[in-house]
Amino acid sequence: MKETPLSNCERRFLLRAIEEKKRLDGRQTYDYRNIRISFGTDYGCCIVELGKTRVLGQVSCELVSPKLNRATEGILFFNLELSQMAAPAFEPGRQSDLLVKLNRLLERCLRNSKCIDTESLCVVAGEKVWQIRVDLHLLNHDGNIIDAASIAAIVALCHFRRPDVSVQGEEVTLYTPEERDPVPLSIHHMPICISFAFFQQGTYLLVDPNEREERVMDGLLVIAMNKHREICTIQSSGGIMLLKDQVLRCSKIAGVKVAEITELIQKALENDQKVRKEGGKFGFAESIANQRITAFKMEKASVDTSNIEEKAEEIIAEAEPPPEVVSKPVLWTPGTAQIGDGIENSWGGLEDSEKEEEEGGIDEAVILDDTKMDTGGVSDTGNQALGLMILISFGYFLKGAPIVLSDSEEEEMIILEPDKTPKKIRAQTTSAKEKAPSRSQVKRRRKKRTAN
Amino acid sequence: MRPHVPPVPADTLLAVVKSWRTVEPLEYYRRFLKENCRPDGRELGEFRTTTVNIGSISTADGSALVKQGNTTVICGIKAEFAAPPLDAPDRGYVVPNVDLPPLCSSRFRTGPPGEEAQVTSQFIADVLENSQIIKKEDLCISPGKLAWVLYCDLICLDYDGNILDACTFALLAALKNVQLPEVTINEETALAEVNLKKKSYLNVRANPVATSFAVFDDTLLIVDPTGEEEHLSTGTLTIVMDEEGKLCCLHKPGGSGLTGAKLQDCMSRAVSRHKEVSRLLDEVIQSVTHK
Amino acid sequence: MEVAKRADRKVSADTGAESSPRGPVCSLRHFACEQNLLSRPDGSASFLQGDTSVLAGVYGPAEVKVSKEIFNKATLEVILRPKIGLPGVAEKSRERLTRNTCEAVVLGALHPRTSITVVLQVVSDAGSLLACCLNAACMALVDAGVPMRALFCGVSCALDADGNLVLDPTTKQEKEARAVLTFALDSVEQKLLMSTTKGLYSDAELQQCLAAAQAASQHIFRFYRESLQRRYSKS
């Protein structure tokens, strides 16, 4: 489905509002939307909501052999998916420009900033290292995907625990969570992306643009920063020229926002850990707000299954017993056999050349008769029924057609036709029937000849 | 007085019926089904002629060609060596794959396997897994070092409905045809030595047979649907059963609803189909081994 | 004898530890559902069965690609996205099962030449995933206001080595089970819309599972109804 284009008057309206320092959702210029972080029951699973933009993050790990040039380093892999759920314009399985840009930016923000200690992910140098895979799914697109994705990625990585391993000689032992507590990743710092949208060639600036604002903006500046105010990556796109002062001002704002967000993340992580330690309820089920009328919960329900056995027995007793098998397989040649007295496939008739038919027809007359007796009875009645059916159907068909025949004519036809059509059809199909066996007989004979 | 209309000649009649079938295929079918028969002359519970040929491909380790009416599936099994999986060192692999090339029907395009081919492959993999036809342990040559991989390639040559039954049958027939050479591991060189003179059949532990049904107008069940019938039906159902009457698969991919009683009827039909097919298969295999 | 055994189990289930908040025999895990939680799709629902959670979004009836257009009914598409990695053959198979189930109940003839797209995102898998996908899809279709002749629900049953029946199994129970059967049932007559199974079982066991699933479906449909009643309680 294509994206609905933005109308000119909507565009003008949005720009006018921005000029008047007003935003449609009531925010101030430097306001960030509300962030909500919830965790799943698995380690390394979280949903981050930035206003209405929603990203699901999941971290997983696997033991692999390391890259040749980096034998002692673990591998980090990021994959952001723009699901069609997020917006109808996103097509599944297509690498759009936007997707490539976002993935590249995420990698720069999280991998190249060395926020994760990849050397601690090495198990046996040159042989086995952990590959950490971060899957991010955009669930709802309401602008500023990159900020939400970067928060989701770092939160999921902080939340993740990998299974413990021990190395004794050459043997690598993996421990299940029951045997040994899984271990967290070692994370040096938490880089977070902050987006700034520019309008009217950089005259106006907004923090955390939503989807509508993104569609009318001229340029975008993304700054990735950690709480120590160290810039990890910076990217300006959209082709606008920015002054040094503008960039500096943005980095100052980013510093404030990153500090706030980091604090929030830490609080959320601590909270989740506390609940897990105390054995309380956790997971997404707990994050659904009870007071919403769109949400509903049901405690576990026991199902009365006392009478299912009787019910099952009743049904089985009532059913017809399996019919006795009557058809006997027909062996054509060693390795080829046939079963069934239904219709022949349409191949037999098409493939045969006249010659083969003649040969087979004369030489193998006796065998032919036998096979015909086997299969002939049933198929004949079938054909007769076919002929009759055609007639009956034809009668109905004519009634609906514009040409109206009188009743007498129809009767006449029904009396008249069975002699003509069925004969014709029967003649055709029986000849096909004769052909099929004759061909294989010929084959068999030929084989014998060559064997001799 | 009505005007006299001459009787319609048979050719015209057939032509009209033919065009009716093209314009209103569903109505055409309903007329037949009302009379408990089908346009190709079969009764509702009747299978098409099933032909099987085993050992059709000489280069494969095991092969079979199955024809069910016009639907034709060929299965070739190739055995290769591989290291067993890390988490199960005493097992081999069975890798089924179903290919629906453009050759078999105009519905299919060239390129990567389409949805139908993927779903059929998954079904065959499920049947293999559920019925335990081949114990993976039987394919192990030396634990942790060497095992057999059976690549089971199923190719449809002509698609006229009921591909699942034909594929399951072809796979079973081909597996029964597989002969693997004896392999010993030379202890000095740690290399595998293949003795091509001493071949043995695979231990086929179960005989799953699939029986497919199509549901017409939410009520009527017909057996072994053709391509046209599948297209017009409101749902399909496939039952895979082994020789003890145990179900390995009850595959009903959506469509019209069925009651438990209807299902039970289908199962009785599946039981008798299993008898038919296993008799056919036994006969074929005997005819080859006796020679 | 059999009944006594069951009763025993039920008692042990009720006194069970908090970590496994559900007995091994014939009960459904706790259910939760939230509708209309995403702003972009026309209908959305998040469905939770115990720790299994699936998010569904529905777009439609909407513009359809010319190549996929059907002249007399709506084109239904189901996309299932796994949480880790890219979708594979197993997902394709599940997509098709879900799509055919939806097609059986959605009145597509009312919206010819349009597309109805259901996108399912696995949020966490803790057993009975396909059943949860079906439930999420149904609730999302309801939220989108797509006309349907009936509702549908998914129920999973597991049979353990002794032939005991477990409804709505967890991952652990599924792994230990001899057979796992998943059904989709409609709300009008509890007829079987979809079924897919794993493992070996007899026809008597199948009928028992189906009967149990039909009993369980009553609970699920009641859950649907109550959740919708709550949703439309204020107008």
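Selection of region A:18-36 for residues being assigned to a helix (DSSP H, G or I) and exposed (fewer than 14 other Cβ atoms within 10 Å of the Cβ) yields only A:19.
Checking each residue in region A:164-199 for being assigned to a loop (DSSP other than H, G, I, E, B), under 30 Å from residue A:259 (Cβ atoms) and open to solvent by 50 Å² or more (accessible area, probe 1.4 Å) picks out only A:188.
Considering each residue of region B:56-63 in turn, at least one proves to be open to solvent by less than 20 Å² (accessible area, probe 1.4 Å), within 30 Å of residue B:172 (Cβ to Cβ) and of a type outside the set (Asp, Glu). Given the criteria open to solvent by 20 Å² or more (accessible area, probe 1.4 Å) and closer than 22 Å to residue A:34 by Cα, does residue A:293 qualify? Spelling it out, residue A:293 is indeed open to solvent by 20 Å² or more (accessible area, probe 1.4 Å) and closer than 22 Å to residue A:34 by Cα. Per the conditions (1) assigned to a strand (DSSP E or B); (2) open to solvent by 40 Å² or more (accessible area, probe 1.4 Å); (3) of a type in the set (A, V, I, L, M), the sole criterion not satisfied by residue C:194 is (2). Working only within region A:210-266, note down all residues that are hydroxyl-bearing (Ser, Thr, Tyr) and either in a strand (DSSP E or B) or closer than 18 Å to residue A:199 by Cβ (or both). Listed by number, the residues that qualify are A:233, A:236, A:237. Scanning region A:86-121 for residues being open to solvent by less than 40 Å² (accessible area, probe 1.4 Å) and either among the aromatic types (Phe, Trp, Tyr) or closer than 19 Å to residue A:164 by Cα (or both) gives a total of 4.
Here region B:132-173 is the region considered, the condition is being of a type in the set (Ser, Thr, Tyr) and surrounded by fewer than 24 Cβ atoms within 10 Å (Cβ to Cβ), and the residue that is modelled with the lowest pLDDT is B:142.
Hey, any hits in region B:42-65 for a residue that's modelled with pLDDT of 90 or more, in a strand (DSSP E or B) and more than 10 Å from chain A (Cβ to nearest Cβ)? Yes, region B:42-65 contains at least one residue that is modelled with pLDDT of 90 or more, in a strand (DSSP E or B) and more than 10 Å from chain A (Cβ to nearest Cβ). The residues on offer are C:53, C:39, and the sole one that is at the interface with another protein chain (Cβ under 7 Å from one of its Cβ atoms), in contact with a strand residue (DSSP E or B) (Cβ under 8 Å, 6 or more places away or on another chain) and outside any strand (DSSP E or B) is C:39.
Among the residues of region C:222-234, those identified as out of contact with any Cys (no Cβ under 6 Å at 6 or more places or on another chain) and open to solvent by less than 10 Å² (accessible area, probe 1.4 Å) are C:223, C:224. Here the helices (runs of 4 or more DSSP H) wholly within region A:280-367 that include at least 2 residues being modelled with pLDDT under 80 are A:284-287, A:347-351, A:354-363. For region A:204-215, does any single residue satisfy the condition of being surrounded by 16 or more Cβ atoms within 10 Å (Cβ to Cβ), among the hydroxyl-bearing types (Ser, Thr, Tyr) and under 33 Å from the mean Cα position of the chain (by Cα)? Scanning region A:204-215 turns up no residue that is surrounded by 16 or more Cβ atoms within 10 Å (Cβ to Cβ), among the hydroxyl-bearing types (Ser, Thr, Tyr) and under 33 Å from the mean Cα position of the chain (by Cα).
Tell me which residues, restricted to region B:213-229, are under 15 Å from the mean Cα position of the chain (by Cα) and open to solvent by 10 Å² or more (accessible area, probe 1.4 Å). Within region B:213-229, B:226, B:227 qualify. The residue pairs whose first member lies in region A:1-16 and is within 21 Å of residue C:41 (Cβ to Cβ), whose second member is surrounded by 13 or more Cβ atoms within 10 Å (Cβ to Cβ) and among the charged types (D, E, K, R), and whose beta carbons are closer than 6 Å, counting only pairs six or more residues apart or on different chains, are A:1/C:63; A:6/A:215. Residues in region C:56-88 that are within 11 Å of chain B (Cβ to nearest Cβ), open to solvent by 60 Å² or more (accessible area, probe 1.4 Å) and of a type in the set (Val, Ile, Thr): 0 in all. Against the conditions (1) closer than 17 Å to residue A:250 by Cα; (2) modelled with pLDDT of 90 or more; (3) surrounded by fewer than 22 Cβ atoms within 10 Å (Cβ to Cβ), residue A:147 satisfies every one except (3).
Highlighted here are the strands (runs of 3 or more DSSP E) found entirely within region B:70-168 that include at least 3 residues which are touching a residue at least 40 places away in the same chain (Cβ under 8 Å) and either at positive phi or among the small types (Gly, Ala, Ser) (or both): B:71-82. Just one of the listed residues (C:204, C:212, C:144) is within 13 Å of chain B (Cβ to nearest Cβ), open to solvent by 10 Å² or more (accessible area, probe 1.4 Å) and farther than 18 Å from residue C:100 by Cβ, namely C:204.
Residue B:38: open to solvent by less than 20 Å² (accessible area, probe 1.4 Å) and either within 14 Å of chain A (Cβ to nearest Cβ) or part of a helix (DSSP H, G or I) (or both), yes or no? Yes: the conditions hold for residue B:38.
Among the residues of region B:20-29, are any of a type in the set (Val, Ile, Thr) and closer than 30 Å to residue B:201 by Cα? For region B:20-29, residues of a type in the set (Val, Ile, Thr) and closer than 30 Å to residue B:201 by Cα: absent.
The single condition among (1) touching a helix residue (DSSP H, G or I) at 6+ places or on another chain (Cβ under 8 Å); (2) crowded, with 18+ Cβ neighbours inside 10 Å that residue B:51 does not meet is (1).
Checking residue B:13 against (1) more than 23 Å from residue B:288 (Cβ to Cβ); (2) modelled with pLDDT of 90 or more; (3) at the interface with chain A (Cβ under 8 Å from one of its Cβ atoms): exactly one of these is not met. Which one? Result: residue B:13 fails condition (2) only. Among the candidates C:77, C:103, which residue alone is part of a strand (DSSP E or B), of a type in the set (D, E, K, R) and under 27 Å from residue C:195 (Cβ atoms)? Only one candidate qualifies: C:77.
Residues checked against (1) under 14 Å from the mean Cα position of the chain (by Cα); (2) more than 21 Å from residue A:1 (Cβ to Cβ); (3) charged (D, E, K, R):
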residue: C:44; (1), (2), (3): no, no, no
residue: C:47; (1), (2), (3): yes, yes, no
residue: C:84; (1), (2), (3): no, yes, no
residue: C:88; (1), (2), (3): no, yes, no
residue: C:93; (1), (2), (3): no, yes, no
residue: C:113; (1), (2), (3): no, no, yes
residue: C:134; (1), (2), (3): yes, yes, no
residue: C:140; (1), (2), (3): yes, no, no
residue: C:146; (1), (2), (3): no, no, no
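For region B:271-291, a residue qualifies if it is more than 7 Å from every other protein chain (Cβ to nearest Cβ) and either touching a His at 6+ places or on another chain (Cβ under 9 Å) or without any contact (Cβ under 8 Å) to a residue 60 or more places away in the chain (or both), and the qualifying residues are B:282, B:286, B:289, B:290.
The values are calculated or read from the model by the stated rules, or taken from the named source; none is laboratory data. These numbers were taken from a predicted model, which means no experiment stands behind them. Cβ coordinates were reconstructed from backbone atoms using ideal geometry, including for glycine residues, and neighbour counts include every protein chain displayed. For accessibility, only protein heavy atoms count, side chains too; no ligands or nucleic acids. Shrake-Rupley method; radii C 1.70, N 1.55, O 1.52, S 1.80 Å.
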